[in-house]
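Shown next, in structure tokens, is the structure this report addresses.
We did not get these values from a lab; they are worked out from the coordinates using the rules stated. The shown structure was predicted, so the numbers you read here are calculated from the model rather than taken from an experiment. Neighbour counts run over all protein chains shown; Cβ positions are idealised from the backbone, glycine included.
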Amino acid sequence: MSLSEIKSRIAKSESAAGRPSGATKLIAVSKRQPDDVVEAVLKEGHRLFGENQVQEAAGKWPTFRETYPDAKVHLLGPLQTNKARQAIALFDAIHSLDRPKLANTLARLAQEEGTCPDLFIQVNTGEEDQKSGVLLADVDGFVTECRALDLPVVGLMCIPPANEEPSLHFALLAKLAARNGLDGLSMGMSGDYERAVALGATHVRVGSAIFGDRAY
Ligand SMILES: *Cc1c(COP(=O)(O)O)cnc(C)c1O
């Protein structure tokens, strides 16, 4: 599907939900896509991208940014503390803040570096063992903890369980964010971004619908 088709679907969903046009940002998830495919989307004028791994992003975005200095890149995948300094330098936002140890490390490094990307706290809304993210009962406490560390937490993020209706998880995430006074909602992927927009997503993360299947 073309980028413009996806953007028009987002706009339709915003308007049907009575949300202002442009309320949802489209993150084009470029992980494991060939450079020429990513560059084609940059050439179309799109500037907001998502990556899953620090290593992979470090291999391609410094070069892309020489030509497209205004490109923004968000980290969507899990972050190890030993890569946190590199992540602060590389990304404009991190969507996978999911544990106190990482919060403490980011807070210390943000002090040292004098800057910190916008942060989304990842919530394990389905309470799945194999998935990262804060458990539901821990969300409010973790938000408070991050705020006490002066971290720039802007919102919540979730990846719903594969076999459940995602809308239930999106609605839950929206409720948790509102309860904590957070505006950002990172939710919705290729298969369900229109439903996420309907439920208030401020950032949808769409990969394969834009770029096609990934390399592996
Ligand atoms: C890969 C990925 C996406 C994009 O998935 P698609 O189904 O290709 O749209 C979104 N969010 C996260 C966290 C991802 O890892």
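Details
- Considering only 136, 173, 185, the Gaussian network model of the chain with Cα springs below 10 Å gives its largest mean-square fluctuation to 136.
- Net charge over other residues, Cβ less than 12 angstrom from the Cβ of residue 14 (K, R count +1; D, E count -1): +4
- By the count of neighbouring beta-carbon atoms within 10 Å, fewest first, 125, 63, 202 end up ordered 63, 202, 125.
- The fewest-to-most ranking of 116, 146 by surrounding Cβ atoms within 10 Å reads 116, 146.
- Candidate cross-link partners of residue 175 among the lysines, defined by an alpha-carbon separation under 21 Å and a same-chain spacing of 8 or more, comprise 25, 131.
- Charge dipole magnitude, Cβ of K and R +1, D and E -1 - region 3-211, Cα centre, debye nearest 20: 200 debye
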